[in-house]
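Right, one structure below, let's go through it.
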Amino acid sequence: MSSSMRIENICPVLGVADIARSLAFYVDCLGFEDAAWGDGQFTYVTRDGGGIYLSTLGHGHPEMWVWVGVEDARAIHDHLVSCGIAIRRGLENKPWALEFHVEDPDGHVLWIGSDPDDGAA
């Protein structure tokens, strides 16, 4: 395949009811940065080279699931719990990942995981 057909990135677009509420979750709790060009209807949040579009314009479907691969799922889990974020499914050590689920304010599920843990979750 030619280099002109290279995929530069793939990002989910999540439909949200309130951009400010979503930014409080993604920026304040998860440490994403909001795009300088974002507005009250459409924006892009990014962290460590990954990103998610947030839209009040009818894009995306309710209750989307997004896999978020991280370096240390346990550390992110513990941080979210300390911030008062409800965990949908607690840490589980699977053969493929140490993972957990958390919902954003619009019911989208972030399925967060890192390499499997040698010990039990």
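Within region 34-60, count every residue that is within 15 Å of the chain's Cα centre (by Cα) and either among the aromatic types (F, W, Y) or closer than 26 Å to A97 by Cα (or both).
10
Of all residues in region 17-33, which are outside any helix (DSSP H, G or I), under 13 Å from the mean Cα position of the chain (by Cα) and either under 14 Å from G60 (Cβ atoms) or not acidic (D, E) (or both)?
L30, G31, F32
So which of E63, E71 ends up being in contact with a strand residue (DSSP E or B) (Cβ under 9 Å, 6 or more places away or on another chain) and at pLDDT 95 or above?
Result: E71 is the single residue among E63, E71 that is in contact with a strand residue (DSSP E or B) (Cβ under 9 Å, 6 or more places away or on another chain) and at pLDDT 95 or above.
Would you tally the residues in region 62-80 being outside any helix (DSSP H, G or I) and not aliphatic (A, V, I, L, M)?
The total comes to 7.
Identify, please: which residue in region 37-61 is among the charged types (D, E, K, R) and part of a loop (DSSP other than H, G, I, E, B) and is, among those, nearest to I10 (Cα to Cα)?
Only one residue tops the list, namely D48.
Determine, yes or no, whether A24 is within 23 Å of I87 (Cβ to Cβ), exposed (fewer than 14 other Cβ atoms within 10 Å of the Cβ) and modelled with pLDDT of 95 or more. Spell out how you get there, then give the answer.
Details: within 23 Å of I87 (Cβ to Cβ): yes; exposed (fewer than 14 other Cβ atoms within 10 Å of the Cβ): yes; modelled with pLDDT of 95 or more: yes.
It is true that A24 is within 23 Å of I87 (Cβ to Cβ), exposed (fewer than 14 other Cβ atoms within 10 Å of the Cβ) and modelled with pLDDT of 95 or more.
I'd like the residue in region 30-44 that is crowded, with 18+ Cβ neighbours inside 10 Å and hydrophobic (A, V, I, L, M, F, W, C) and, out of all such residues, is nearest to A86 (Cα to Cα).
L30
Would a scan of region 90-110 turn up a residue that is free of Cβ contacts under 8 Å to residues at least 12 places away in the same chain and either part of a loop (DSSP other than H, G, I, E, B) or surrounded by fewer than 15 Cβ atoms within 10 Å (Cβ to Cβ) (or both)?
Checked against the condition, which is being free of Cβ contacts under 8 Å to residues at least 12 places away in the same chain and either part of a loop (DSSP other than H, G, I, E, B) or surrounded by fewer than 15 Cβ atoms within 10 Å (Cβ to Cβ) (or both), region 90-110 yields no hits at all.
How about region 23-57: which of its residues are out of contact with any helix residue (DSSP H, G or I) (no Cβ under 6 Å at 6 or more places or on another chain), under 24 Å from H79 (Cβ atoms) and among the aliphatic types (A, V, I, L, M)?
L23, A24, V27, L30, A35, I52
The values are calculated or read from the model by the stated rules, or taken from the named source; none is laboratory data. Predicted, not measured: the structure shown is a model, and the values here were computed from it. Please note: Cβ atoms are built from the backbone with ideal geometry, for glycine as well, and neighbour counts cover all protein chains shown.
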